[in-house]
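These notes are about the structure you will find just below.
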Amino acid sequence: MTSTPEESRWQRPVSPSLVDPEDDLPSATYSGDFETTAIPSYQGSPGSSSSGMDVLREPEPLPYVEPAAGRYASAGPVDIAPPIDDERVRAAGRRGTQDLGLLVLRVGFGALLIVHGLHHVFNWWGGTGLSGLESSLVEYGYQHTGILTYVAAATLIGSGVLLVLGLFTPLAAAAALAYLINALLAEVSADGGRNLAFFAPDGNEYLLVLIGVATAVILAGPGRYGFDAGRGWARRPFVGSFLALLLGIGLGVGFWVLFNGANPLG
């Protein structure tokens, strides 16, 4: 079986002795496949010999300027945070006499509630005692006055003590607010709402002032002079104070509807 001249041209050599390893190396004039990828021969750096010892010499500098030594040596991960306005931080710490004013307001209001509660319980300062308080509740149309008498006295004294101490201030002021709202509704409903006088002694001026004080204590907070100084409602009252205000109003109206049920406006 014979082969054609084209087949014999692509036939591999039979004897390995005819294969020279040097034939696989590119020649000195080889310019790469299709003249796109040049295979340069190692000639060393300009002005140096082409000896193989050139590979042991110092490498050529990179074609860009390296940063100064030590400039970025200690660079590490950087936390991205908004800039801190030192002036605003210092201004937040300067409250002036604000805390002193809140102390006077809170202690004065609490002491007034305590005195009023003791006036009802122990017949002090011309008080009528618990029996007199119960009789007043009956006249205003309340039901279950036997229980409400102790609840009213405990609310006055307990909330007053907490306000003086500056402890659980929003809740204490909310309880006082609920009591004052009931007292206001009782006064208004005493004559069927026909006499809505404002000025004392027959009007409701005094009760409205106390309701305003209780609301201010709830919203402003106790200040730094009290047991609540480390809590959020003392540093920056916001959502909790609004909830306490709504709680006080809700308790006041709820107690009136539950235990009296009368329309204060007739």
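Right, Asp228: among the acidic types (Asp, Glu) and in contact (Cβ under 8 Å) with a residue 60 or more places away in the chain or not? Yes: the conditions hold for Asp228. Checking Leu105, Leu113, Leu118, Leu130 one by one, the residue that is more than 24 Å from Ile218 (Cα to Cα), touching a helix residue (DSSP H, G or I) at 6+ places or on another chain (Cβ under 7 Å), in a helix (DSSP H, G or I) and of a type outside the set (S, T, N, Q) is Leu130 and no other. Restricting Leu156, Leu180, Leu207, Leu163 to residues that are surrounded by 18 or more Cβ atoms within 10 Å (Cβ to Cβ), within 27 Å of Phe122 (Cβ to Cβ) and modelled with pLDDT under 95 narrows the list to Leu207. When each of Asn263, Asn204 is tested for being among the polar types (S, T, N, Q), farther than 18 Å from Ser159 by Cβ and without any contact (Cβ under 8 Å) to a residue 40 or more places away in the chain, the lone residue that passes is Asn204. Candidates in the stretch 141-153 are the residues that are among the hydroxyl-bearing types (Ser, Thr, Tyr) and crowded, with 17+ Cβ neighbours inside 10 Å; of these, the one that is farthest from Gly117 (Cα to Cα) is Tyr142.
Residues in the stretch 221-259 that are among the aliphatic types (A, V, I, L, M), within 29 Å of Thr97 (Cα to Cα) and surrounded by fewer than 20 Cβ atoms within 10 Å (Cβ to Cβ): Ala229, Val239, Leu243, Leu245, Leu246. Please enumerate the residues belonging to the stretch 145-157 that are over 20 Å from Asn263 (Cβ atoms) and either in contact with a Leu (Cβ under 9 Å, 6 or more places away or on another chain) or assigned to a loop (DSSP other than H, G, I, E, B) (or both). Those that are over 20 Å from Asn263 (Cβ atoms) and either in contact with a Leu (Cβ under 9 Å, 6 or more places away or on another chain) or assigned to a loop (DSSP other than H, G, I, E, B) (or both): Thr149, Tyr150, Ala152, Ala153, Thr155, Leu156, Ile157.
Given the conditions (1) buried (at least 17 other Cβ atoms within 10 Å of the Cβ); (2) more than 24 Å from the chain's Cα centre (by Cα); (3) at pLDDT below 90; (4) not charged (D, E, K, R), report the number of the one that Asn263 does not fulfil. (1) is the only condition that Asn263 fails.
The values are calculated or read from the model by the stated rules, or taken from the named source; none is laboratory data. Being a predicted model, the structure only gives us computed values, none of them experimental. Don't worry about glycine lacking a Cβ; one is built from the backbone with ideal geometry, like all the others, and counts go over all protein chains shown.
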